[in-house]
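Structure, as structure tokens:
The values are calculated or read from the model by the stated rules, or taken from the named source; none is laboratory data. What you see is a predicted model, and the numbers here were worked out from it, not measured in a lab. In this analysis, Cβ positions are derived from the backbone assuming ideal geometry, glycine residues included, and neighbour counts consider all displayed protein chains. Areas reflect the complete protein model, heavy atoms only, side chains present, ligands, DNA and RNA absent. Shrake-Rupley method; radii C 1.70, N 1.55, O 1.52, S 1.80 Å.
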Amino acid sequence: MSELRRRGPYARTRERRATIAQATLALVVEHGHRSVTTLGVAKRAGISEAGLLYHFPSKEALLVAALALFDEQEMSLLGPGESVAAAPGLAADGVRRTNIVHLYASLLGEASNPEHPAHDYFKERWRLSRAQLARDISLMQEAGEVGPAVDAERAAGLVIAAWDGLQSHWLVDPSFDIGAQLEAVIDAVLLRAPDRRRDGAR
């Protein structure tokens, strides 16, 4: 009996969905999200288009799955307490991945529609991001790197809002250093002097 058969249909479904998401992400990175088609993803994933549409009923659902996979891969590289210090570098790296940042901006623009698959994705993404940043800010407070006057939950929300806003501005006018700008925002939100911005992270 094969390994997949022993693990049952749910495992096979998860693996098939992961394969499709990976194929979609690869095509986005290579060609941009506007060039992605369900047929092209199906060929890349080695399945029929009908099989793909069974798991993801639209191109929009495919693109959300690809972005979610990218986020998962990025976040898996961070250990406990690292998200604040890593944020400026992630912002700078993110805009260098031009096709990914364009996908993010496009889906974000559609997410205000509750019927769009990006709507729930962004709500959950922001919830998880706020929780991770707030947790790491609290760890920094315990280590004496951030003062007790900072509200960790509120600070986390402000950092995320600034990150999205700076990224939107960069897409229109990429003449500024997004990493440096986000780092300045983080310093201001955490009420710390610039020379303390990465104390304890080295």
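Taking Gly79, Gly165, Gly89 as the candidate residues, the one with maximal mean-square fluctuation in a Gaussian network model of the chain, Cα springs under 10 Å, is Gly79. Using a Gaussian network model of the chain in which every pair of alpha carbons under 10 angstrom is joined by a spring, one finds that among Tyr121, Tyr54, Tyr104 the greatest mean-square fluctuation is at Tyr54. With a 10 Å cut-off between alpha carbons and a GNM built on the chain, which of Val84, Val172, Val29 moves the most? Looking only at Val84, Val172, Val29, the biggest GNM fluctuation is shown by Val172. On a 0 to 90 degree scale, rounded to 10, what angle separates helix 98-110 from the longest Cα axis of the chain? That helix lies at roughly 90 degrees to the long axis. Per DSSP H run of at least 4 residues, take -39500 (n - 2.57); add these up for the chain, divide by its residues and hand me the 222 nm value, nearest 500 deg cm²/dmol. After summing the helix terms and dividing by the residues of the chain, the value is -24000 deg cm²/dmol. The listed residues Arg96, Arg16 rank as Arg96, Arg16 when sorted by accessible area, largest first, using a 1.4 Å probe. Taken over the Cα atoms of the stretch 50-185, the convex hull encloses 113 Å³ per residue.
Could you state the angle between the C-alpha long axis of helix 152-172 and the longest principal axis of the C-alpha atoms of the chain, as a value from 0 to 90 degrees rounded to the nearest 10? Tilt of helix 152-172: around 70 degrees.
Compared with the alpha-carbon gap, the fully stretched path from Glu115 to Leu77 is longer by 10.5 nm at 0.36 nm per residue. The value obtained for the stretch 134-173, namely the Cα convex hull volume divided by the number of residues, is 68 Å³ per residue.
Each Lys and Arg contributes +1 and each Asp and Glu -1, all at the Cβ; summed about the Cα centre of the stretch 110-186, the dipole is approximately 180 debye.
The phi torsions of the stretch 61-72, fed into the Karplus equation with coefficients 6.51, -1.76 and 1.60 and a -60° offset, translate into couplings of 5, 4, 5, 5, 4, 5, 5, 4, 5, 4, 4, 4 Hz, rounded to whole numbers, with Gly and Pro shown as x.
Rg and Dmax of the stretch 101-141, based on Cα coordinates, read 13.1, 40 Å.
Solvent-accessible area of the stretch 12-124 (1.4 angstrom probe, protein heavy atoms only): carbon and sulfur portion equals 53 percent. Placing +1 on the Cβ of every Lys and Arg and -1 on the Cβ of every Asp and Glu, with no other charges, gives the stretch 36-83 a dipole of roughly 320 debye about its Cα centre. The charge dipole of the stretch 61-202, taken about its Cα centre with unit charges on the Cβ of Lys, Arg, Asp and Glu (plus for the first two, minus for the last two), comes to roughly 120 debye.
May I ask you to list the chymotrypsin sites (Phe, Trp or Tyr not before Pro) in the stretch 129-187 that are in a DSSP loop and have at most 14 other Cβ atoms within 10 Å of their Cβ? Loop-located and lightly packed - Phe176. Per residue, the chain exposes 56 Å² of solvent-accessible protein surface, assessed with a 1.4 angstrom probe and all protein chains in place. Of the residues Phe56, Phe70, ranked by 1.4 Å probe accessible area with the largest first, the sequence reads Phe70, Phe56. Accessible-area rank, largest first, for Lys43, Lys123: Lys43, Lys123, with all protein chains present and a 1.4 angstrom probe.
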